[in-house]
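Worksheet: one structure, shown below.
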């Protein structure tokens, strides 16, 4: 492999593609970093913008298996999934637009939440069951644990209804958190949850993961009640918020449509989409 790494980019682009294909099944392998370096070298030599030239190096049939930018978009962070579905990205752009008013913002946010929950629930555990159809018995599956949706007030309410339509049997809890403008620390003002969350799949819902203070506070609350299967659904995140959550709860997955550049001095995500709660409710 090392010998191929030295020779492939110069003599055999198809060999490079084949090795990159193998490397796509071994995410931690050095083949991916080597593939990315070859990609950069090719584009620098032609004076190209690497973002615009993305995907041009490998033959089309290999692109779905080996995209040198895939791990960058995931920020090399364990259990963070960036959902790049075209419809989600299209609607995210509409939500970012300052011209989008509260009525359209609410509708589009609800649509995005419904699309994101499919990916967020993909890893739910199931158990085998047997049911009887009008014709005969057959094997099937059902969720192993009960589901509870927990929006973080108030912005999380904008994502709740559409998710609840897809999981109508889910329970609904609420966590109210307010971020202090000066300290950027989250303080709790409301909690409505079952006394025991041990046997629940907990989905924490909040459009923004900014400083991470609210997310960590919410996770602390559900973990204190015995929750062991917790995941977060955030429309937009940033490296600072992800780092904060990972330091406290490294094993809980995060699902997002975008990892934005970072925070400004006021603790807002940039480029972000502004204050999600204000834009949802117009105040």
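Extending 7 Å from the Cα toward the beta-carbon at both residue 190 and residue 266 defines two label points whose distance is 2.4 nm.
Ranked by the mean number of other Cβ atoms within 10 Å of their residues, highest first, the peptides 127-138, 146-157, 88-99, 217-228 fall in the order 146-157, 217-228, 88-99, 127-138.
Once the Cβ-Cβ distance of residue 87 and residue 243 is raised to the sixth power relative to R0 = 30 Å, the FRET efficiency obtained is 0.55.
For the pair residue 161 and residue 122, label points projected 7 Å from Cα toward Cβ lie 2.8 nm apart.
Computed from the Cβ-Cβ distance with R0 of 45 Å, the FRET efficiency linking residue 251 to residue 281 stands at 0.85. Taking other C-beta atoms within 10 angstrom as a stand-in for reagent exposure, 118, 268 fall in the order 118, 268, fewest first.
Going from the residue with the fewest nearby Cβ atoms within 10 Å to the one with the most, 188, 214 rank 188, 214. Rounded, prolate or oblate, given the Cα gyration tensor of segment 170-210, with a/c below 1.5 counting as rounded? Prolate shape, in that a/c is at least 1.5 and a/b is the bigger ratio. Note on residue 78 and residue 199: with the Förster distance fixed at 25 Å, the Cβ-Cβ geometry gives a FRET efficiency of about 0.50. Determine the percent antiparallel among the DSSP beta bridges restricted to segment 196-283, to the nearest 5. Antiparallel bridges make up about 15 percent of those DSSP assigns within segment 196-283.
In this rough spin-label picture, where each label sits 7 Å from Cα along the Cβ direction, the residue 138-residue 180 distance is 5.8 nm.
Readers should treat all values here as calculations from the given coordinates under stated rules, not as data from a laboratory. Quick caveat, the model's predicted, so the values are computed rather than measured. FYI the Cβ positions are ideal-geometry reconstructions off the backbone, even for glycines, and counts take in every protein chain you see.
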